[in-house]
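Structure, as structure tokens:
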Amino acid sequence: MLDVVIVGAGFSGLYLLHRMRGLGLTARVFEAGDGVGGTWYWNRYPGARVDIESQEYSYSFDEALQDEWQWTERYAAQPELLRYLNHVADRFDLRRDISLETRVVSALYDEATSRWKVATENQKTGGETVEARFCVMATGCLSSPNEPKFPGADSFQGPSYHTGRWPHEGVDFTGKRVAVIGTGSSAIQSITEIAKSVGELIVFQRTPNYSVPAHNAPVDPAVVEYWRENRAELRQKARLSGIGIVALEPTERLALETDEAERRAVYEACWAKGGFAIGAAFADQGVDLAANSLAAGFVADKIRAIVKDPETAEKLVPKSYPFGTKRLCVDTGYYEVFNQDNVSLVDISSDPIETITPTGLRLASGAAYSFDALVYAIGFDAMTGALNRIDIRGKGGAALKDKWEHGPRTYLGLMVAGFPNLFLVTGPGSPSVLSNMVVSIEQHVDWIADCITHLNGRQLTTIEATPEAEDAWVAHVNEVADATLYPQANSWYLGANVPGKPRVFMPYVGGVGPYREYCDDVVANDYRGFALS
Ligand code: FAD
Ligand code: N01
């Protein structure tokens, strides 16, 4: 019998294993992929890179690790992030407790023994069933690809790829006619790279996204030095900040109370700084439509200035949702790509893809397109997808999937009523995908480690969220989201990208710092809202 079973070996699973071992617990990690790294193992599409500065998008738990690891770019690319996570696995000797190519298919709670029975599948060994006191789902918020369900998809004669499952050996598109479906972050990054070598590129866009320049560059040695000297303070600042990023200074200035010239100067400064800066230019843009439309207008003008063909530019300007309510994209020359003669943009917002054909695709209007290769950049079944693909059953054999039929319900995004000793990392109802996720992951892992220590110190066996605490938290998550403009977009935050998925705003918009303080307060008050036995 194990103390802890951990599902997933990305940022979350690796740190969890390290912490559990540090507590003297026995733990095993099961990972479906044949390597560690999670997101950075799977998403190998051209141009994949982080959109939070590398100094910040990294573990803070170990001083020596931070001293020895040097990032090469302001925004690390996927290969470097994967090297980093492999380095972490080696440095902390994690591999001996990680079973790769092993998918967890079910996790069943046995009330008689208060243990989780976790069953795995492995193509080589056939899989096994293990028992553990605790089960932690470190399965990732963006790890279940949105499967292409277009009619005729199997008939396409050329190769097709999903950005989230990119071949390890890479793909050579030189001179080829390539189609990309989607214009989210994965698409925007890959389109920019793919356009460099293709013969022809056709982009099928259902909804345009706002994208801002990254201004990526080699890491500035002065920044490295600054971080080295002030690391403890900066890391702590991130933990208590709004979205876990120090580089984004919080502001109280209001767009609607700033005159036009000054406002423009602020937006221009944010644009020049790059990355998410413009997402936090004014305090009122996330909650007030009039303030929001000023930021939206600024970015729209930038798009019109960059893209030479006015018709194409207009198609690229988002018009159907407020700025920042779909995840802001961060690019390296995305809009410029549409000035290339061999790149075209097809607006499918009112003329959807009817079928994939052997040589291309056809829209509802009958318009047909031919190409040699197809890239699905259609995103993920976010936040709940990976969990719902596992048969998770709690007390009375109740299935998590059934409980979440109308949308996920958790207490703090950490635990679910009826599922004792089952923890989620960055689960729905926590800041998770609205934050620098490494900061949020470390907070959850530390909270879980402290919780298990607390139980063991008092010879307690189980912890479970109470239904009342869960109801109140779900209501609070909704209330806070409803006070913002977020619910006005058809985003994956709401599950809108997956047909049939319940429309519920899943992440917690209350902020990383306030959320952390709330979680700490719960602990300080004898794990308020949890039943311990
Ligand atoms: P993951 O990295 O997703 O790892 C989960 C692992 O669990 C996966 O390896 C998966 O194979 C495994 N797994 C799932 N189900 C099972 C199962 N049933 N059995 C066995 N194994 C299973 N976040 C940011 O903060 N900033 C960014 O710039 C950023 N960029 C991103 C770019 C891309 C392309 C994507 C897809 C996401 C990005 N994210 C970003 C979010 C990113 O997912 C997190 O930052 C972080 O990597 C999540 O780590 P994790 O360990 O929680 O999950
Ligand atoms: O996925 P997405 P993603 N027909 O869901 C379209 C993180 N990330 O993989 O908007 C036609 O954003 C869909 O259209 P619509 C980041 O958090 C970060 O790009 O639903 N089109 C959309 O355009 C990000 O937000 C980085 O109308 C269809 C696209 O496909 C998250 O991961 C890089 C369709 C999917 O966009 C997900 O990003 C990559 C259909 N049936 C990812 N179905 C960084 O830069 C979907 N689409 C750090």
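The values are calculated or read from the model by the stated rules, or taken from the named source; none is laboratory data. Everything numeric in this text was worked out from a predicted model, so none of it was measured. Cβ placement follows ideal geometry from the backbone for every residue including glycine, while neighbour counts extend to all protein chains displayed. Accessible surface areas use protein heavy atoms only, side chains included; no ligands, DNA or RNA. Shrake-Rupley method; radii C 1.70, N 1.55, O 1.52, S 1.80 Å.
Can you work out the PRE-style zone for E314? Point 7 Å along Cα to Cβ, and I want the residues of the range 335-354 with backbone N under 14 Å. Output list for this probe position: 347. Normalised per residue, the accessible area of the range 457-522 is 45 Å², obtained with a 1.4 Å probe and no contribution from ligands, DNA or RNA. Rolling a 1.4 angstrom probe over the chain with all protein chains present gives an accessible area of which 50% lies on carbon and sulfur atoms. For the range 102-260, the relative contact order comes to 11 percent (Cα pairs under 8 Å, sequence separation of at least 6). Summarising the label geometry, the points placed 7 Å from Cα in the beta-carbon direction at A531 and D351 lie 5.9 nm from one another.
Subtracting the Cα-Cα distance of S293 and H454 from their residue separation scaled by 0.36 nm leaves 53.1 nm.
When only alpha carbons are used to place a centre, the range 196-273 and the range 419-442 end up 23 Å from one another. Using just its DSSP H runs of length 4 or more, each adding -39500 (n - 2.57), the chain gives a mean residue ellipticity at 222 nm of -9500 deg cm²/dmol after division by all residues. Counting only aspartates and glutamates at least 8 places from K501 when in the same chain, those with an alpha carbon closer than 17 Å to its own are E147, D381, D402, E405.
Cross-link reach is defined here as a Cα-Cα straight distance under 30 Å, omitting same-chain residues fewer than 8 places apart; for K308 the lysines meeting it are K176, K196, K273, K319, K326.
Rounded, prolate or oblate: pick one for the range 288-432, where a ≥ b ≥ c are the square roots of the eigenvalues of its C-alpha gyration tensor, a/c under 1.5 means rounded, and failing that, prolate if a/b is larger than b/c, else oblate. It is oblate, given that a/c is not under 1.5 and a/b is not larger than b/c. Judged by the ratio a/c of the largest to the smallest principal axis of the C-alpha gyration tensor, the range 13-168 counts as oblate, that ratio being 1.5 or greater while a/b is no larger than b/c. The R95 and T72 beta-carbon pair, evaluated with R₀ = 25 Å, returns a calculated FRET efficiency of approximately 0.50. Note: relative contact order over the range 200-308, using C-alpha pairs below 8 Å and six or more positions apart, is 28 percent.
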